[in-house]
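Report on the following structure.
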């Protein structure tokens, strides 16, 4: 169903060059999806290039009564950028300028369309990088990272996106431009910056971001530890951290995932291992040596069959390429995947993984695991073929079972991908009515008309002050 | 074949389409996405459009045609794709679908070139002489120059010099593809190739000049013409121990002859055999002449980097010949030549041409190694545009 007024495209063409207003049906269809399996329908797509253009587009959308869905690279995994009911998609992929780099803080002001890895490449010559490194970092945008409060392997030590966003410029529903925070350490007043980070485009459009840059570590140790059982691998992860070591990253991959990824990278991953753990330690040479010794000792104690230490930067890059290609390699197993992002207490990791194994068996599905083991952030991927209706029904049921199993041990719904559309109706599993109402009130304070990315994050068409526990409606075919 | 496809020609394979999970890791690798920021100009978007037609939710319309035309078919997305989506053959099939509905004017010209001229090697040579005469008498300047400045550098004096059809009398039999553009516009390269292949222990025999491998027709929506040319070349080279090709686009294409003729019972076996024996000249164990090539900028043809995985070989060859290889700081982005791209997408092609020329000039090297005639024409034009005095040469010419 399209709710946009018929003349909408022409009105936007008065604001932007024709090329940047996308109206043809087949072209709009491309903006109906992101990296998830949810699918909606864009009423119209615009690609503004400046803050002024964003502001003008938002104002016009309000006048036309169109909802606005901001979009970065469209690599999101929870349907956050999927437009519903013919919303206006505001694609920020042309706003790719690195506006200013301040080596002293160090920080950078960037536009939202700058790609995560491009930023790190751009400051490499200064001995700096942008620390949060989602697996999709080659493709995902900083704006999208802010929107989902993205994580990444190295967030175990360095913290997730919210710890690296110092300031924001945000366009609100009436087109007004807000400046929140900045490089100064402690801004007075409410921390609205914190509200916007992770808000998944539901309060406004971020048009510029001041990000913290992190000095490159003087020494790095990267090792791939290979285990004969998932249990041994999981216990190894807990044991390393129990020794008082916080590695930069600890990533785990199971057997099915290893096989899919190895076909692409040819990194010599052990195809007969039940699980591998990729460990990285960084810091001063002495500190790294100490951490490496702990990894070696604890690894051996937990039955690591082999500990492959990257000999040089090239081998390190190859091992990381293997890890970061995992989601994309799933099509070697099945054409679609339904991905979860629960975080469970690290000490319960093994038991939850075993339960996921049982869930897979019960529903007769392939579930692959690749995840941030160090912080208990699981990524079970249920591989399936959406052309198989019976399988799709089992996928939905298995997804619910996984979430319930995680919540039962004190876990949460999402570590880094966001709630978007896919996890929205699970929110009442971890939040009560009061929690959800408070969140709805915070959102409505910035976007009183509910203009931005409606139907996302919070269940139902909840407004401030309403009960929000009933599941909301989704157009037919949007979701599994 | 399903839903919205025209059943009279090839269509993207449903299983190929299903092999994309839409993760988006191809986006940063795609030159046209980088230039425009539009999903419609990205590999993931193009596959989504193919999926829509395949499922009957979209049709092969003007939008579809533009999306496929904007693609360079550089296959950088294939190299970036963790799931191994075979994008190159998908976009070729999508273009075959897009071809019939094209406006008559552009379509007729393309048919004349791709379907009539290229499969006729004598006509190709005749056209070369006409172009050579035009250049020599400067009559060609009277012609309208519609699209950029990239064109084959045909010289009468070169055309008049016979090519060495056989060289070397020991070792495995090597059939060296003369090719269409190479045998009319880059004849010194053919001589160098024959010399080096023979010097590296082969009985080198050249195919007839003017004979096109069919890559251009395949890339631009004419698979039937491509099959005709594949049969012609297979008839010429079958029986040789190795088929040697000195143009990146042609070696990449000839390696797909098996797939191209898989449904033709009379040719399938021979096609598969020729494909298996096809080598880019840079994949041979070449005996470089010791020399002092000096500083040389390295341009990688897309059809070397992507699909064939040829990257180290030309560098090793140049170093063996005393070369100091200088890398371009553009991550191997396409130069925008891409077959007829300069004609179909003059604006995007010109932007890529300039970026490539600037990256080459920035190395400060007096010569740039280029191993594909399409790239060579494009880069020659680009360097002229920015006024950079850099000479072009194939690695084989520098090392042989």
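Points worth noting:
- Residues of segment B:54-86 satisfying the condition of being in a helix (DSSP H, G or I) and either under 30 Å from residue B:310 (Cβ atoms) or more than 8 Å from chain A (Cβ to nearest Cβ) (or both): B:54, B:65, B:66, B:67, B:68, B:69, B:70, B:76, B:77, B:78, B:79, B:80
- When we screen A:86, A:127 for residues that are at pLDDT below 95, more than 17 Å from residue A:140 (Cβ to Cβ) and surrounded by fewer than 24 Cβ atoms within 10 Å (Cβ to Cβ), the only hit is A:86.
- The one condition in (1) surrounded by 21 or more Cβ atoms within 10 Å (Cβ to Cβ); (2) in a strand (DSSP E or B) that residue A:179 fails to fulfil: (1)
Condition check ((1) over 30 Å from residue B:367 (Cβ atoms); (2) at pLDDT 95 or above; (3) surrounded by fewer than 19 Cβ atoms within 10 Å (Cβ to Cβ); (4) not assigned by TED's automatic domain parsing to the domain that holds residue B:367) across all residues:
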| residue | (1), (2), (3), (4) |
| --- | --- |
| B:235 | yes, yes, yes, yes |
| B:244 | no, yes, no, yes |
| B:247 | no, yes, no, yes |
| B:255 | no, yes, no, yes |
| B:259 | yes, yes, yes, yes |
| B:273 | yes, yes, yes, yes |
| B:307 | no, no, no, no |
| B:313 | no, yes, no, no |
| B:323 | no, yes, no, no |
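- Residue satisfying all of: in segment A:20-36; part of a helix (DSSP H, G or I) and facing another protein chain (nearest Cβ under 8 Å); surrounded by the fewest Cβ atoms within 10 Å (Cβ to Cβ) among these: A:25
- Look at (1) farther than 19 Å from residue A:33 by Cα; (2) part of a helix (DSSP H, G or I) and you find that residue B:33 fails only one, number (1).
- Any hit, segment B:142-149, residues being within 19 Å of residue B:372 (Cα to Cα) and more than 14 Å from chain A (Cβ to nearest Cβ): yes
- A single member of A:65, A:43 is at positive phi and either outside the structural domain of residue A:203 (by TED's automatic domain parsing) or crowded, with 19+ Cβ neighbours inside 10 Å (or both), and it is A:65.
- Residue under evaluation residue A:146, criteria (1) over 26 Å from residue A:453 (Cα atoms); (2) in contact with a helix residue (DSSP H, G or I) (Cβ under 8 Å, 6 or more places away or on another chain); (3) away from every other protein chain (no Cβ under 14 Å), criterion not met: (1)
- Exclusive hit being more than 8 Å from every other protein chain (Cβ to nearest Cβ) and farther than 13 Å from residue A:29 by Cβ, set B:89, B:46, B:38: B:89
- Residue in segment B:271-308 that is nearest to the chain's Cα centre (by Cα), counting only those that are closer than 29 Å to residue B:228 by Cβ and in a loop (DSSP other than H, G, I, E, B): B:301
- Residue match in segment B:14-25 (condition: outside any loop (DSSP other than H, G, I, E, B) and touching a residue at least 60 places away in the same chain (Cβ under 8 Å)): yes
- Conditions (1) closer than 24 Å to residue B:21 by Cα; (2) assigned to a strand (DSSP E or B); (3) more than 14 Å from chain B (Cβ to nearest Cβ); number of the one not met by residue A:253: (3)
- All of A:262, A:235 fail the test of being in contact (Cβ under 8 Å) with a residue 40 or more places away in the chain and within 14 Å of another protein chain (Cβ to nearest Cβ), apart from A:262.
- Qualifying residue in segment B:152-171 (condition: surrounded by fewer than 19 Cβ atoms within 10 Å (Cβ to Cβ) and in a strand (DSSP E or B)): yes
- Checked against (1) assigned to a strand (DSSP E or B); (2) within 30 Å of residue B:69 (Cβ to Cβ), residue B:210 meets all criteria but (1).
The values are calculated or read from the model by the stated rules, or taken from the named source; none is laboratory data. Note that the structure is a prediction, hence the values are computed from the model and not measured. When we count neighbours, we look across all protein chains shown, and the Cβ atoms used for this are built from the backbone with ideal geometry, even at glycine.
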